Amino acid sequence: MRKNLISIGLLSCLLWSCTSSTSAPDDDATTGDTTTTSSSASTAQTGGTSASAGGGAGGSNAGGSGSTSAGGGETNEGGGGGTDSATSAGTGGAGTGGADTGTGGTPDEGPPKNLAEKYASLFPIGAAVDSQSYMTHGALLKTHFNSVTAENEMKFESLQRNENSFSYDAADRIVNFAVTNKMKVRGHALVWHSQNPAWLFSNGSGGTVSKQTLLTRMKNHISNVVRHFRGKVYAWDVVNEAMMEDGSYRTGNLADGQKSRWYEILGESYIAEAFKAAHEADPDAKLFYNDFYNYIPAKQQGIYKMLKGLLDQGVPVHGVGLQAHLNIEPSTVTTNQAYYQNVANMEEAIKLYSSLGLDVQVTELDISLYIPGVTYNQSTFYTAATFTDALKAKQAARYREFFELFRKYKSVITGVTFWGIADDNTWLSEFSSGRKDFPLLFDGNHNPKPAYDAVVGF
Ligand code: XIL
């Protein structure tokens, strides 16, 4: 599997909180993206201006590397950079010796149950897997999860690197594993501005593809892919990240990596067309619109309006995915997107979307140790040694409050998926700077963390 350190358009935005990156000293790429974002932002929340907040953090810490996305990152969501599969430290080590389970469970309930079992009456519990991790982390997966998402293997560039030549092998292996182990499979993602092959938007002679041809290519891709996985993939992220933090559409007027060429060439109608094509290819599949920063009021309103418009036109949309790449605490910087990152704002998003009769799924959950708007550098990057018990407890508390919210909305939440399985393989540690993160429920040795206890302790 090839991880694309660049195309992750959102990353830089995520990384830099879409705020101030203009000031990021070293990482020009990040700067670009974020600026764009903010340029369309009219409100304080989305950020635009304040110079230093996120930006200042940047240059140094994440190491830049010149490649678009990865760089910056003082915040959370962005990894993206980096290498291929075996992200960080030792992969192996499955389930070695004990300890490290920490506190936080409810003692009177005895040993925590297996995660998915504990949630069986509420919603499936999923994990994003890559072409290696479903094997290297197979024991954990089978024990604790009953749903999987391919982290990269079902993206456009993975499935149709060359026009009309579909490569399903890597994705099929993941799906077969899931089917064999009676797990659900979420498909991710059919139409996104990122991780697309170059030919897709090109006319083959140096120019841009025509509207008609791009629409045909989009429908052809969706039709092939959705039919291929029909009966195995129960839900699809049909369109990913089409909206901006201020509630406007992601247009073509943004920096490379951030802009949507789909919108640029097809206009907003590409969204409806994508859902219709997916529905035609598999009328039984649950079709989702997936996005990040749902806790930002302006963004959730924008998504709501867009979805309402689709439903009013009879477009087959069935649910909304909340990526939920969270941080250990909200930002204190008012112009930073993560200033809005709290349970109450997330609850508003759930209420709003479900008021349309849509399912809600948490699709890419993780909780980074890094706080958006704070400057980190090599000396303050977390390591296994500086991920102290106090921090573990703090992360556990943050997980606990969000899971309380998810359980409260069990009637509309139809799945919660983590973006990874254990801390030794997370996109958040893919920075070229070497910045490590510890965002999941299981540690690098595949043992449960206090966060695990917090999630099952109810
Ligand atoms: C990320 C993967 O985790 C990385 O391995 C890859 O390099 C970039 O993409 N939102 C999404 C996901 O919808 O597809 C992204 O996955 C993370 C952010």
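Scanning the range 236-246 for residues that are more than 14 Å from the ligand (Cβ to nearest atom) and open to solvent by less than 10 Å² (accessible area, probe 1.4 Å) turns up MET244, GLU245.
When the residues of the range 203-227 are narrowed to those that are in contact with a Ser or Thr (Cβ under 8 Å, 6 or more places away or on another chain) and open to solvent by 30 Å² or more (accessible area, probe 1.4 Å), which ends up nearest to ASN162 (Cα to Cα)? Checked the range 203-227; the qualifying residue nearest to ASN162 (Cα to Cα) is ASN203. For the range 192-200, the condition holds for no residue, the condition being that it is out of contact with any Asp or Glu (no Cβ under 6 Å at 6 or more places or on another chain) and either part of a strand (DSSP E or B) or farther than 23 Å from GLY257 by Cβ (or both).
You will find that of ASP108, ASP84, the residue that is part of a helix (DSSP H, G or I) and either within 15 Å of the ligand (Cβ to nearest atom) or modelled with pLDDT under 95 (or both) is ASP108 and no other.
Filtering the range 259-281 for residues that are assigned to a loop (DSSP other than H, G, I, E, B), more than 18 Å from LEU214 (Cβ to Cβ) and more than 16 Å from the ligand (Cβ to nearest atom) leaves an empty set. Of all the criteria given as (1) open to solvent by 40 Å² or more (accessible area, probe 1.4 Å); (2) touching a Pro at 6+ places or on another chain (Cβ under 6 Å); (3) hydrophobic (A, V, I, L, M, F, W, C), the one not satisfied by ALA338 is (1). Inspection of the range 197-220 identifies no residue that is touching a Gly at 6+ places or on another chain (Cβ under 8 Å), farther than 23 Å from TYR134 by Cα and within 16 Å of the ligand (Cβ to nearest atom). Among the residues of the range 283-300, is any hydrophobic (A, V, I, L, M, F, W, C), open to solvent by 10 Å² or more (accessible area, probe 1.4 Å) and over 19 Å from the mean Cα position of the chain (by Cα)? Looking through the range 283-300, at least one residue is hydrophobic (A, V, I, L, M, F, W, C), open to solvent by 10 Å² or more (accessible area, probe 1.4 Å) and over 19 Å from the mean Cα position of the chain (by Cα). The residues in the range 355-384 that are open to solvent by 30 Å² or more (accessible area, probe 1.4 Å) and touching a strand residue (DSSP E or B) at 6+ places or on another chain (Cβ under 9 Å) can be counted, and the count is 5. Filter the range 125-155 for residues that are within 17 Å of ASN290 (Cβ to Cβ), away from the ligand (no atom under 11 Å from the Cβ) and not polar (S, T, N, Q) and give the result. Selection gives GLY126, ALA127, VAL148. Return a yes/no flag: does the range 219-237 have any residue that is of a type in the set (Ser, Thr, Tyr), farther than 21 Å from GLN361 by Cβ and assigned to a loop (DSSP other than H, G, I, E, B). No: the range 219-237 contains no residue that is of a type in the set (Ser, Thr, Tyr), farther than 21 Å from GLN361 by Cβ and assigned to a loop (DSSP other than H, G, I, E, B). Of the helices (runs of 4 or more DSSP H) lying entirely inside the range 129-175, those carrying at least 3 residues that are within 19 Å of PRO197 (Cβ to Cβ) are 156-159.
Against the test of being small (Gly, Ala, Ser) and either open to solvent by less than 30 Å² (accessible area, probe 1.4 Å) or within 17 Å of the chain's Cα centre (by Cα) (or both), the options SER429, SER411 yield a single qualifying residue, SER429. In the range 184-191 there is no residue matching the filter, namely being of a type outside the set (Asp, Glu), at pLDDT 95 or above and part of a loop (DSSP other than H, G, I, E, B).
Per the conditions (1) in contact (Cβ under 8 Å) with a residue 24 or more places away in the chain; (2) within 27 Å of ARG407 (Cβ to Cβ); (3) open to solvent by 10 Å² or more (accessible area, probe 1.4 Å), the sole criterion not satisfied by SER158 is (2).
The values are calculated or read from the model by the stated rules, or taken from the named source; none is laboratory data. Owing to the predicted nature of the structure, the values given are computational and were not obtained by experimental measurement. In this analysis, Cβ positions are derived from the backbone assuming ideal geometry, glycine residues included, and neighbour counts consider all displayed protein chains. Areas reflect the complete protein model, heavy atoms only, side chains present, ligands, DNA and RNA absent. Shrake-Rupley method; radii C 1.70, N 1.55, O 1.52, S 1.80 Å.
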